[in-house]
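Taking it in order: structure first as structure tokens, then the write-up.
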Ligand code: A2P
């Protein structure tokens, strides 16, 4: 990746801009509208939201009013857990589109897998949800469909039954939490991995090894994290409401980490994860 407008290509040949702007924990209204507008003004062309973020109205408003053509912006949203199942998913998608006020969505993700802790029928529930995703995809209301927070044992039963394979898996990924097994599984199955909280919600930014690399390249540790994702073939979704940081997080195309440096980051001990483990969550 050489510039912010460069794209990864999904297995269905849809292009997805290589850094997305994350909007988790940005409140609806002025805050999310201003943040998304700032991101777009600074060249971001990929915005990530979710029904659960409760900011789809503001995200949609910013996208509709920013002056950039709709087809030049890649928009992702996610189906919340309480809406799993075939009919409920179709209805939830309609609500998301009504809130966004957009004609189509670029990418729709199942936010979290149903898990064994929640229901003995967890595989069936994920499959029924996926069947609704496939219908929406075939109707061309969504350009790409995928999942989020799925581990290999959640993906396997879905892959067996799916007519259209998930194209994306968005997982927590940052220095100190690399979920290597899931990343390897996704790469094998041509599922693009996206990184939520690529900065570990800001917690990783004082790590000495990252500070050393930041000093070497005259970059910030946030930029080191974003670059490390890209060089690992993973699409980062950094979040910020601070204009200077929104800009900073996208200025990562004038340096390269060495293979050794990438390895060093990969090997940082397990730390700073959110504690939201897909098999443990009860929401
Ligand atoms: P803020 O939104 O106040 O600017 P993640 O994307 O990993 O979830 O991290 C988001 C957190 O990291 C937010 O608290 C955000 O703060 C902070 N953050 C984002 N970009 C930077 C940056 N370039 N430098 C320092 N902190 C940042």
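Where a number appears in this text, it was derived from the coordinates with a stated rule and is not lab data. Small disclaimer: the values here were computed from a predicted structure and weren't measured.
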Have a look at 54, 71, 261 and tell me which one the Gaussian network model of the chain (Cα, springs below 10 Å) gives the largest fluctuation. 71
Residue-averaged [θ]222 nm for the chain, counting only DSSP H segments that reach four residues, each worth -39500 (n - 2.57): -11500 deg cm²/dmol
Given springs between every Cα pair under 10 Å in a Gaussian network model of the chain, which of 153, 174, 111 has the largest fluctuation? 153
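Which whole-number percentage describes the relative contact order of the chain, with Cα contacts under 8 Å and a sequence gap of 6 or more?
Working: 525 pairs, mean separation 52.7, N = 283.
Relative contact order, the chain: 19 percent.
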Yeah, the chain with a ≥ b ≥ c from its alpha-carbon gyration tensor (a/c under 1.5 is rounded, else prolate when a/b outruns b/c, oblate otherwise) is oblate
